[in-house]
Amino acid sequence: MRLGGVAMLSGAALGVVIALAFHFGSPPEPSEKASPYGAAPASSIAPTQTAVVASASAPAPVASPSESAAPAVAPTARAVSAPLASGSASAGAPPRVAAAEPFPMAAPLPPVTNAKELERAEIRCYEVDPEECGRAADAYDAGVFVHRDAARATNLRKVELTRLNRRCEQRSPHACLVLAGHYESGAGVDENDKHARALVAHARELCRRGPKTECADGEPK
């Protein structure tokens with residue numbers, strides 16, 4: 001009996017020694033504090049990762065309406081202001097008008113200087129040169145060396161226009177040019193610039209069709 005008790009006590013003591021050895025021999029559990037030689041604990045890393053994730057998922061700051069509109073509006077305003085300025089400058093300037101071609105005029109005959117010359121002018125008016133009618137009409141209008149006679153002057157101008165029309169129809173470049181001068185100035189007829197220029201064009205066409213004594217370098221004279 002005594003030996004059995006001793007054996008039991010020895011066994012119990014051995015179990016305690018083994019248990020103690022196992023307890024003190026196992027590695028200590030990691031603490032929450034950072035080890036001076038090891039990696040940082042999980043609890044210290046988690047906040048950093050959370051912060052990074054939060055900053056990555058956070059939406060980008062949105063600018064206020066006034067801040068976002070300012071850069072887009074400013075260039076547009078500058079781009080529009082330049083055409084407006086140039087448009088206002090061009091609007092204020094007078095429009096360019098093409099210079100009209102000088103109207104060609106036949107050389108006028110010299111005025112009548114005495115009664116004898118007036119008599120010859122009236123004869124030539126009806127027989128030779130219609131322009132002599134205009135010379136005689138001017139003399140009767142002026143009344144310098146003859147009595148002024150407005151009615152006779154008017155009649156002579158009508159004869160002149162009639163004979164000029166007839167001679168222009170007979171293809172006289174000079175007659176067409178003189179008649180054009182009457183319509184351009186309104187002498188004895190209603191002023192009509194369009195008809196006057198048409199007569200000039202017809203006179204030039206007559207000169208281009210062949211050499212004539214009434215033309216010089218293709219122009220009526």
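Just so it is clear, none of the values below were taken in a lab; they were calculated from the coordinates. Since this is a predicted model, take the numbers as computed values, not measurements. Reconstructed Cβ throughout: ideal geometry from the backbone, glycine too, with neighbour counts over all protein chains shown.
Comparison of V146, V178, V112, V159 shows that the only residue that is part of a helix (DSSP H, G or I) and more than 17 Å from A201 (Cβ to Cβ) is V159. Filtered by the rule that a residue be on the phi < 0 side of the Ramachandran plot and either in contact (Cβ under 8 Å) with a residue 24 or more places away in the chain or outside any helix (DSSP H, G or I) (or both), the range 163-175 gives R163, L164, R167, C168, Q170, S172, P173, H174, A175.
In this structure, R204 qualifies as assigned to a helix (DSSP H, G or I), in contact with a strand residue (DSSP E or B) (Cβ under 9 Å, 6 or more places away or on another chain), more than 21 Å from L109 (Cβ to Cβ) and not acidic (D, E). In the set G143, G188, only one residue is loosely packed, with under 15 Cβ neighbours inside 10 Å and on the phi > 0 side of the Ramachandran plot; that residue is G143. Summed over the range 181-201, the residues that are part of a helix (DSSP H, G or I) and among the acidic types (D, E) give a count of 2.
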